[in-house]
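The values are calculated or read from the model by the stated rules, or taken from the named source; none is laboratory data. Note that the structure is a prediction, hence the values are computed from the model and not measured. Here the Cβ positions follow ideal geometry from the backbone for every residue, glycine too, while neighbour counts run over all protein chains shown. Ligands, DNA and RNA are stripped out before the accessible areas are found, and what is left, the full protein with its side chains, is counted by its heavy atoms. Shrake-Rupley method; radii C 1.70, N 1.55, O 1.52, S 1.80 Å.
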Amino acid sequence: MGSSSGDLRYELSQNAYIKLVLHSLNHPTSSVNGVLIGRISPSNDAVLIDDAVPLFHSHLGLLPQLEISLMLIEEYFSAKGLNIVGYFHANERSDDYELGGVAKNIGDHICRYFPQAAILLLDNKKLEALKKSKDRSAVTQLYVRDASKNWKLVQSEGNSRFSLREPSANLILLDYISTEKWKGIVDFDDHLDDISKDWLNPGLFN
């Protein structure tokens with residue numbers, strides 16, 4: 001890999017983005033998390049996040065469940081030429097804007113396999129404002145690891161290093177929120193409780 005994560009761009013697909021935000025809306029009183037699925041761009045200058053898998057809405061820090069889910073997810077997507085390239089986290093309290101210990105630990109864990117991994121943290125303030133503002137930027141904040149392996153916020157506002165692939169993503173998201181589409185989201189917690197529930201959420205965007 002020629003480029004370090006110091007100058008990589010991160011591009012988030014509409015489907016991955018919407019899935020993650022809907023997952024957090026499905027569990028408004030708890031922290032939720034998920035993994036980002038993607039690849040390095042052919043030109044080696046960007047991480048393309050094509051998909052996302054909602055992980056948990058309870059006991060986020062339990063390593064055995066995390067290990068199992070990451071193995072199954074990695075196995076499924078590597079056959080498609082994709083990998084786990086990052087981590088998504090939404091804090092339990094909507095006024096909490098800190099990247100907490102659990103999120104950093106899981107991010108570090110993913111970095112062992114994909115050193116350029118990113119963490120996306122849901123910004124509840126921006127999500128709330130979205131209904132009024134019709135803003136086109138993501139309601140998530142991007143964190144990447146610096147040279148000393150500390151997680152640093154890459155300011156999302158008007159930043160060229162982080163973008164939504166489809167400019168219409170927030171309009172679709174608002175439409176899905178108003179139709180309560182989040183009720184149908186299945187995460188790994190749900191799947192481990194009932195394996196007939198599909199964590200790939202195949203019908204979500206139908």
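What to note about this one:
- Residues listed by number, segment 32-64, amide nitrogen under 18 Å from residue 102 label point at 7 Å toward C-beta: 32-36, 53-64
- Rounded to the nearest 500, the 222 nm mean residue ellipticity of the chain from helices alone is -9500 deg cm²/dmol, with -39,500 (n - 2.57) taken per DSSP H run of at least 4 residues.
- Accessible area (Å², per residue) of segment 8-79, counting only protein heavy atoms and a probe of 1.4 Å: 37 Å²
- Counting lysine pairs in segment 9-193 that sit 8 or more residues apart in sequence, or on different chains, and whose Cα atoms lie under 13 Å apart gives 5.
- Equivalent ellipsoid dimensions for segment 9-193 as semi-axes, Å, which come from the Cα gyration tensor, largest first: 22, 20, 17
- Residue-count net charge about residue 55 - beta-carbon cut-off 9 Å; Lys, Arg +1, Asp, Glu -1: -2
- Tail beyond 20 Å, pair distance distribution of segment 105-206 (Cα, percent): 56 percent
- Annotation: extensible slack from residue 200 through residue 148 equals 15.2 nm (criterion: 0.36 nm per residue apart, minus Cα-Cα distance).
- Beta bridge orientation in segment 9-193: antiparallel %, DSSP, nearest 5: 70 percent
- The length gained by stretching the chain between residue 92 and residue 45 to full extension, at 0.36 nm per residue less their Cα-Cα distance, is 13.6 nm.
- Volume of the Cα convex hull of segment 1-95, divided per residue and given in Å³: 118 Å³
- Peptide packing for 112-123, 96-107 was compared via the average number of neighbouring C-beta atoms within 10 Å per residue; ordered from the highest value, the list is 112-123, 96-107.
- Computed from label points 7 Å out along Cα-Cβ, the spacing between residue 160 and residue 72 is 4.2 nm.
- Protein accessible area in segment 9-193, 1.4 Å probe - carbon and sulfur %: 52 percent
- Here the label points at residue 59 and residue 11, each 7 Å from Cα along the C-beta direction, are separated by 4.0 nm in the simple model.
- The dipole here belongs to the chain: it is taken about the Cα centre, uses +1 on the Cβ of Lys and Arg and -1 on the Cβ of Asp and Glu, and is about 560 debye.
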